[in-house]
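Trainee: I have a structure I would like to understand better, so I am pasting it below and will then ask my questions one at a time.
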Amino acid sequence: MDEITISKEEMLKRVARFKEMKSSRQAYLDTRIEAHERDTFNVIGRGVTEDPTLDPTITDARYCGITYIGAEPGKGAALHSHETIEIFVPLTGKWVAYWGEEDQQEIEIDQFDVVSFPPGVLRGFRNAGDSYAYLMAIIGTKEETGDGGRVGWAKSVLEEARKTGLRVNEEGDLEEV
């Protein structure tokens, strides 16, 4: 591999400072459902966010994307799947990762534990602690495109979200029903 030189100015474009990040409270189809309210921060790449206005802090998302999720106790993501691997790492607090629409199973993960879900498995997560906490989600992307694909939602989530007035359009973005 050829060595490249990068200026400090160019390198600063690859730095995400948490205190400067913008979040979305409606980044996904399920976020209007009370149990799934959360804040989403696109750190590296857009990942699979369905809010087209949530720009990432670092845009170069070759090979993987990183998102931070903040949630109150008992809240988190509904059952969903991805075309690529998804990894969850609690940054603060205690979380539960769960999977399987029919025969749901779950495991508790503590700060800095890591759980990796293979492509196609319906999974979700929720804050199992007693205070607001943060989770990091790392999503694989397709080759060098930075595209993590679209979210596959459990049928029950699609039905519940429709009642809140949200759906996902052909481009994979949220829109009002």
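Trainee: Since G45 meets every condition but one in (1) modelled with pLDDT of 95 or more; (2) within 12 Å of the chain's Cα centre (by Cα); (3) farther than 29 Å from K163 by Cβ; (4) not aromatic (F, W, Y), which condition does it not meet?
Mentor: That leaves (1) as the condition not met.
Trainee: Could you tell me which numbered condition I6 fails, if it satisfies all but one of (1) within 23 Å of Y132 (Cα to Cα); (2) of a type in the set (V, I, T); (3) in a loop (DSSP other than H, G, I, E, B)?
Mentor: (1)
Trainee: Just a yes or no: is a residue in segment 107-124 crowded, with 17+ Cβ neighbours inside 10 Å, within 17 Å of E34 (Cα to Cα) and modelled with pLDDT of 95 or more?
Mentor: yes
Trainee: For segment 125-172, which positions are touching a helix residue (DSSP H, G or I) at 6+ places or on another chain (Cβ under 8 Å), buried (at least 19 other Cβ atoms within 10 Å of the Cβ) and of a type in the set (G, A, S)?
Mentor: Result: A161, single match.
Trainee: I want to confirm something. Restricting to segment 48-59 and keeping residues that are of a type in the set (V, I, T) and under 13 Å from the mean Cα position of the chain (by Cα), which single residue is farthest from E176 (Cα to Cα)?
Mentor: V48
Trainee: Among the residues of segment 117-173, which ones are in a loop (DSSP other than H, G, I, E, B) and small (G, A, S)?
Mentor: If the condition is that a residue be in a loop (DSSP other than H, G, I, E, B) and small (G, A, S), then G120, A128, G129, S131, G146, G148, G149, A154, G165, G172 are the ones that fit.
Trainee: Give the residue, chosen from T40, T67, T53, that is more than 18 Å from V89 (Cβ to Cβ) and of a type in the set (V, I, T).
Mentor: Only one candidate passes the filter, namely T53.
Trainee: Note down all Cβ pairs under 7 Å where the first residue falls in segment 99-110 and is within 15 Å of K155 (Cα to Cα), the second is of a type in the set (A, V, I, L, M), and they're at least six residues apart or on different chains.
Mentor: Every condition considered, the pairs that remain are W99/V121; W99/L122; G100/L122; E101/L79; E101/L122; E101/A154.
Trainee: Assess whether D2 counts as being under 25 Å from K142 (Cβ atoms) and free of Cβ contacts under 8 Å to residues at least 12 places away in the same chain.
Mentor: When the stated conditions are applied, D2 passes them.
The values are calculated or read from the model by the stated rules, or taken from the named source; none is laboratory data. For clarity, every value in this text was computed on a predicted model and none was experimentally measured. So basically every Cβ, Gly included, is an ideal-geometry build from the backbone, and we count neighbours across all protein chains shown.
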